[in-house]
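Pasting in a structure now, in structure tokens, and then I'll have a few things to ask.
The values are calculated or read from the model by the stated rules, or taken from the named source; none is laboratory data. What you see is a predicted model, and the numbers here were worked out from it, not measured in a lab. Counting neighbours? That spans all protein chains shown, and the Cβs are built from the backbone with ideal geometry, glycine included. Quick note on the areas: whole protein, heavy atoms, side chains included, nothing else; ligands and nucleic acids left out. Shrake-Rupley method; radii C 1.70, N 1.55, O 1.52, S 1.80 Å.
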Amino acid sequence: GTKLLGQFSLVILRLIDIIFGMLTIYFSYKIGVLLFNNKYIILGIVTFVALLPTFAYFNAHITNVNLDVLFSTVGIYLLLIALKKESYKLLILIGIVLGVAVITRANAVLLVIAGIFLFFLKYYRNKRFNYFSFIKSVSIILIFLLLVSGWWFARNWVLYGDLVAANGLKLAKPQYKS
């Protein structure tokens, strides 16, 4: 790693994290455009995201948090689009994006749960729940999510005995056992 390119490799990694941050701000803007018709509210959303202290902190460091935030933001954007106009390609893309987000950081599973809840609300309208459409949409998303991330959870289960490798540090370094 650092022997081949020296300190330049750290600069490249930081630049990649900055690009992830810029893309996150861009997709925050796209979410604002989807939700609001007021350019000042949209500008406020983008400014709020860009000036969050933790957002600025993580974008200045080399970490996987930036990638998780980016894929979570893209996932939210795609879920909001799917609430208005649903297609098989979009559902597949949502599954892939959420799968990458879940691999990046396990807490992105909460976004998957929120997405399922959004689809539930979408199909619950008019007091006549459309079970088939709900099950079909959620199944497509979950199938592609599992195709992208399922191997990771299986690996963690085999190596560490739990899905998210929470025991990994305890097994690697016995002094961390509780």
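Rounded to whole Å and sorted largest first, list the principal axis extents of the Cα atoms in the chain.
Principal extents (Cα only, largest first): 60, 45, 31 Å.
For the chain, which DSSP H helices look membrane-span-like by this rule: Cα extent along the axis of 30 Å or more and mean Kyte-Doolittle of at least 1.6?
The qualifying helices are 8-35.
Any idea of the accessible area per residue across the stretch 48-123, 1.4 Å probe, to the nearest Å²?
Heavy-atom SASA per residue in the stretch 48-123 reads 50 Å².
Taking the mean number of other Cβ atoms within 10 Å as a proxy for protection, how do you rank 93-103, 53-63 from highest to lowest?
Descending packing order for the listed peptides: 93-103, 53-63.
Note the per residue figure in Å³ for the convex hull of the C-alpha positions in the stretch 1-105.
Taking only Cα atoms, the stretch 1-105 has a hull volume of 102 Å³ per residue.
D for the stretch 53-95, whole µm²/s, Stokes-Einstein with Kirkwood Rh over alpha-carbon pairs at 20 °C and 1.002 mPa s: what number?
184
Can you tell me the length gained on complete extension of the stretch Asn130 to Trp152, counting 0.36 nm per residue apart and subtracting the Cα distance?
4.6 nm
If I stretch the segment between Gln7 and Ala56 completely, what's the gain in nm (0.36 nm per residue apart, minus their alpha carbon distance), one decimal?
Going from the current span to full extension adds 15.4 nm.
Need one number for the stretch 85-136: average projected area of the convex hull over its C-alpha atoms, nm².
Computed as one quarter of the Cα hull surface, the answer is 3.7 nm².
I would also like to ask the following. In nanometres, what is the gap between the two model label sites at Val109 and Lys89, each 7 Å from Cα along Cα-to-Cβ?
With each label placed 7 Å out from Cα toward Cβ, I get 3.3 nm.
Using a 1.4 Å probe over the heavy atoms of the protein chains, calculate the carbon and sulfur portion of the accessible area of the stretch 35-104 as a whole percent.
In the stretch 35-104, the share of accessible area belonging to carbon and sulfur is 74 percent.
May I pose another question? Select from Gly115, Gly32, Gly44 the residue whose mean-square fluctuation is largest in a Gaussian network model of the chain (Cα-Cα springs shorter than 10 Å).
Checking each option, the largest mean-square fluctuation is seen for Gly44.
Please identify every one of the chymotrypsin sites (Phe, Trp or Tyr not before Pro) in the stretch 102-131 that sits in a loop by DSSP and has no more than 15 other beta carbons within 10 Å of its own beta carbon.
Qualifying residues, ordered by number: Phe129.
Per DSSP H run of n ≥ 4, the term is -39500 (n - 2.57); total these for the chain, divide by its residue number, and report the mean residue ellipticity at 222 nm rounded to 500 deg cm²/dmol.
So the helix-based figure for the chain works out to -26000 deg cm²/dmol.
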